[in-house]
Amino acid sequence: MLRLIYCLIFLLSGITSFAQSPDQLVNVFLGSSGDHGQLSPAASSPFSQLSILPQTNPTLHTGYEYLAKNVLGFTHNRLEGVGCQGSGGIILIKPFLGKEDEGQPLTKIADSASPGSYTISFKEGIETNIAVDQNYGMYNFSFPTIDKGFSIDFSHVFNQAFVGEKHTKNGDVISGWVKAKTTCKVGIYTIYYAMQIDHIQKWQENGTHGLVVNLDPKQKNVHVRVAFSAVDEAHAIKMLNKNKEVKISTVREQSAQRWNNHLSSVKVEGDRERVKLFYSLLYRTMQSPYLISESDKTFKGTDGKLHLTKSNQYHGWAIWDNYKTQLPLLSILFPDKYQDMIHSIGDLYRYGKYDFAGPQEPANSVRTEHSIAVLLDALKKGYVVDFKGLKDSLLADTARFDFTKPDKYLEACYDMWAMGKLFDNYGEKELSKHFFERAQTYKTVWNREFKDLSKKDVDRMSVRNMYQGTIRQYRWSVPFNVQGLLDLSGGRQEFTKQLDDFFDNYYFNRANEPDLQSPTLYYASTKPWKYQKLVQRIALDTVIQYYFNDNSRGIGAHIDRIYKNEPKAFVRTMDDDAGAMSGWFVMTAIGLQQPLVGEPVYYLNVPLFSTVTLNGGKAPFVIKVSNFEDKNRYIKGVTLNGNKLDRLWIRHDEIQQGGILEIEAGSVPSDFGSRNMWISNLN
């Protein structure tokens, strides 16, 4: 009997579902060291702008390096996982001991964190506990009972991107606004704030943009409360006042519950360490975009003006980066929230849409290319799109499509295809025909620039003025007409041969998005089973990577797993890009990838777990794997609600209706579903 109990304990220790709440399974330090994700353990809340974290020296794009010991203070707001040295990090608040700040950094002893909270202790005898729930945050500083205070720098922003600020003191409250440049310093965003500090003994101005606060030496515990708004200072003050009696433990509990509600949108069962990796990456897909409207439904548009919304308004986009992975995932997991996001993307066209960012962004943001494909995709998935109200703006936006570079030409044709599909859906036949004809012109450029792989420059990063990719990588970027790619490549056999060459010789680049979805092309080849093998290898196994975002190739090849649950998580120079790369793993882990944003179809692979439950639809959608083992990576058969499904793809509406999808897995390739493949075709 005792032996049986030990066996049960052993088995249960290796299998995890929700024995722990999902937030306890998240490692927020994943990707927070070196150029391996550009992520942070900041205290944050789902889809909210406020995040609080130390500013370390040396630092990364989020203001934090896991291995750094020197801390310069604490900052607020960051866009997780983005390039160009990151963005955010406003309002630096630094605790100090003595009558004045001597400018020396604090020395970290240890830190710990979980979704919504962060704790750090310093050699100097200071400990800081932080909790954030939505756009409200609290610090609890524990000091020695000696002279102490805070120095506050309102001009502090990552990568010297400060534009302007205004701050006003009123009793123990400071309020105002900060303007800073967005990611890559392209546009400007504004954040309004209010901050309340306990036990102030004296204020003192410190230059144009700074304050020094001396605290009561006898006080050991000091609270600092912070509220954010994307609308105005009054809303930030209102939020601060609403929460002024709330304890930090309550903020922490509320945030943990909010994270659990979001993370519980997916339930997976399997190996404990893999489950922890899954939830750590799922967590990364829920940082942005940010909720920017207030409870009274007011929000600031990209025109800088105040507007009213009937729903919730979101901003803080990285659509070029994450439209293939994170946004499709959100469309499955959070239908109500995603509908609001689609309205918000539509409003970009209404109030001012910029490929990167404009001069009056209501939140930190990156870029919005392929928004039209996202709107089309939402429409096809049953979401509401205000086509009538957006028509003129959509047409005007096409004038900015870039046809000047080979990669941009292919991407612009994708958007032209999306325009054609959208106008066709609403009966605008002449306009639809015009855009489809423009989309077809990709063939001329493909034949001229991408067909011939014997040219010497096909493996050089950013050749021919392309963006962070090679000719080999960008040549697959015609997701809207894969049948056309088959024909241009010389037929299915030659297409398969070229795909094999691409992946077998490690020409693909997992450090960036240009060829992120290229594995799905195997479902148009003579070897569809290779897709099922390849995505699991990229997700779980050691891989060889030669390409990096610093334009190097063949210099220090990455030979390791890509997705690791540790601070040095990803391929060197691989930014998570606002959930894009984490989203790819999560989609693969649940057995779904969308090959073409604009058509509500997902390709199937064997999930990384024996059971996956998606809770976002009208009823739970359960994906079960029979014969589940890591070696069984090939699909032998599929049933949906007990009925045989003779295909390797599933529609969005089938997922959202709920039910049971059963996948029979095997250890050898199978031709199951190969006679009923879904392949995109322009005709």
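The values are calculated or read from the model by the stated rules, or taken from the named source; none is laboratory data. Because the structure is predicted, anything quoted here is derived from the model rather than measured. Please note: Cβ atoms are built from the backbone with ideal geometry, for glycine as well, and neighbour counts cover all protein chains shown. Quick note on the areas: whole protein, heavy atoms, side chains included, nothing else; ligands and nucleic acids left out. Shrake-Rupley method; radii C 1.70, N 1.55, O 1.52, S 1.80 Å.
Quick look at the values:
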{"quantity": "SER255 assigned to a helix (DSSP H, G or I) and open to solvent by less than 20 Å² (accessible area, probe 1.4 Å)", "calculated": "yes"}
{"quantity": "Residue in region 669-680 that is in contact with a Phe, Trp or Tyr (Cβ under 7 Å, 6 or more places away or on another chain) and not in a loop (DSSP other than H, G, I, E, B) present", "calculated": "no"}
{"quantity": "Enumerated strands (runs of 3 or more DSSP E) restricted to region 115-204, each holding at least 3 residues that are in contact (Cβ under 8 Å) with a residue 40 or more places away in the chain and either within 19 Å of SER365 (Cα to Cα) or open to solvent by 20 Å² or more (accessible area, probe 1.4 Å) (or both)", "calculated": "162-170, 173-181, 188-197"}
{"quantity": "Matching helices (runs of 4 or more DSSP H) fully within region 406-478 where at least 1 residues are more than 26 Å from ILE555 (Cα to Cα)", "calculated": "406-425, 429-440, 442-445"}
{"quantity": "Any hit, region 268-278, residues being out of contact with any Pro (no Cβ under 7 Å at 6 or more places or on another chain) and free of Cβ contacts under 8 Å to residues at least 24 places away in the same chain", "calculated": "no"}
{"quantity": "Any hit, region 76-86, residues being surrounded by fewer than 23 Cβ atoms within 10 Å (Cβ to Cβ) and among the aliphatic types (A, V, I, L, M)", "calculated": "no"}
{"quantity": "Lone unmet requirement of (1) outside any loop (DSSP other than H, G, I, E, B); (2) in contact with a helix residue (DSSP H, G or I) (Cβ under 9 Å, 6 or more places away or on another chain); (3) within 20 Å of TYR283 (Cα to Cα) for ASN77", "calculated": "(2)"}
{"quantity": "Candidates ARG492, ARG464, ARG438, ARG460 - the one that is open to solvent by 30 Å² or more (accessible area, probe 1.4 Å), in contact with a helix residue (DSSP H, G or I) (Cβ under 6 Å, 6 or more places away or on another chain) and farther than 24 Å from VAL601 by Cβ", "calculated": "ARG464"}
{"quantity": "Given (1) buried (at least 21 other Cβ atoms within 10 Å of the Cβ); (2) of a type outside the set (A, V, I, L, M); (3) in contact with a Gly (Cβ under 7 Å, 6 or more places away or on another chain), number of the condition SER432 does not satisfy", "calculated": "(1)"}
{"quantity": "Subset of region 663-683 [surrounded by fewer than 17 Cβ atoms within 10 Å (Cβ to Cβ) and either on the phi > 0 side of the Ramachandran plot or acidic (Asp, Glu) (or both)]", "calculated": "ASP671"}
{"quantity": "Candidates ARG651, ARG647, filtered to the one that is of a type in the set (D, E, K, R), more than 24 Å from HIS370 (Cβ to Cβ) and either without any contact (Cβ under 8 Å) to a residue 60 or more places away in the chain or open to solvent by 60 Å² or more (accessible area, probe 1.4 Å) (or both)", "calculated": "ARG647"}
{"quantity": "Count of residues meeting criterion [within 20 Å of THR588 (Cβ to Cβ) and in a loop (DSSP other than H, G, I, E, B)] in region 625-668", "calculated": "11"}
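Rundown of residues vs (1) among the acidic types (Asp, Glu); (2) open to solvent by less than 10 Å² (accessible area, probe 1.4 Å); (3) over 23 Å from GLY484 (Cα atoms), yes/no style:
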position: PHE503; (1), (2), (3): no, yes, no
position: TYR506; (1), (2), (3): no, no, yes
position: LEU540; (1), (2), (3): no, no, yes
position: GLN545; (1), (2), (3): no, yes, yes
position: ILE555; (1), (2), (3): no, no, yes
